[in-house]
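Take a look at the structure set out below.
The values are calculated or read from the model by the stated rules, or taken from the named source; none is laboratory data. Quick caveat: nothing in here was measured; it's all calculated off a predicted structure. Please note: Cβ atoms are built from the backbone with ideal geometry, for glycine as well, and neighbour counts cover all protein chains shown. Please note that ligands, DNA and RNA were not included when accessible areas were found on the heavy atoms of the full protein model with its side chains. Shrake-Rupley method; radii C 1.70, N 1.55, O 1.52, S 1.80 Å.
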Amino acid sequence: VMGDGAKRREFSSYAVEKSVNATFTGRLTYDQMCAVLSKCDLVVNPIKKGSAASIINKHGDYASSGLPVINNQDSPEYRELVDSYHMGLNCENGNAFDMADKIQYLLENAEERKIMGINARKCAEEQFDRKNSYKELLECILN
């Protein structure tokens, strides 16, 4: 589990209590985060319900990793991107059982993970590569 937050200690203690083999890294440098991602089977995008976030840098990082995403963010823009690229699974925000079921599904279906990972990388190249997206943004502004 990468990152930090108000409940990190609580989650870490709960993992120990339930004998879950989990590592909580805290905040990492960008290079460290990329190195950890390269060893993962999938990524999880846990965004608090009602967040104003739409498409954020983390989404580009996840897509660039070439890993499928489990997304609970309720932003319609990101949910649509996940669906249209078939690069992961959306789940209901706040529903831990839905998220767990979708994580389990991907862990049990390596071929589906591989396909979704390839699609995620395609999304990164088409949507998050700044040499392309900035050209489109500039054209939009100028027109």
Yes/no for ARG113 being touching a residue at least 60 places away in the same chain (Cβ under 8 Å), under 24 Å from LEU28 (Cβ atoms) and out of contact with any Lys or Arg (no Cβ under 9 Å at 6 or more places or on another chain): yes
Given (1) out of contact with any Leu (no Cβ under 7 Å at 6 or more places or on another chain); (2) more than 12 Å from ALA120 (Cα to Cα); (3) among the charged types (D, E, K, R), identify the lone condition not met by LYS102. (1)
Got a number for residues in segment 32-49 being farther than 13 Å from GLY66 by Cα, in a loop (DSSP other than H, G, I, E, B) and open to solvent by 50 Å² or more (accessible area, probe 1.4 Å)? 3
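Just the residues that are open to solvent by 10 Å² or more (accessible area, probe 1.4 Å), closer than 24 Å to PHE128 by Cα and not basic (Lys, Arg), please, taken from segment 76-107.
PRO76, GLU77, GLU80, LEU81, ASP83, SER84, TYR85, HIS86, LEU89, ASN90
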Got a sec? Which of ALA22, ALA63 is surrounded by 14 or more Cβ atoms within 10 Å (Cβ to Cβ) and touching a helix residue (DSSP H, G or I) at 6+ places or on another chain (Cβ under 7 Å)? ALA63
Inspect segment 51-60 for any residue being within 22 Å of LYS7 (Cβ to Cβ), touching an Asp or Glu at 6+ places or on another chain (Cβ under 8 Å), modelled with pLDDT under 95 and open to solvent by 80 Å² or more (accessible area, probe 1.4 Å) and give the result as yes or no. no
Among (1) in contact with a helix residue (DSSP H, G or I) (Cβ under 7 Å, 6 or more places away or on another chain); (2) in contact (Cβ under 8 Å) with a residue 60 or more places away in the chain; (3) hydrophobic (A, V, I, L, M, F, W, C), where does ILE103 come up short? (1)
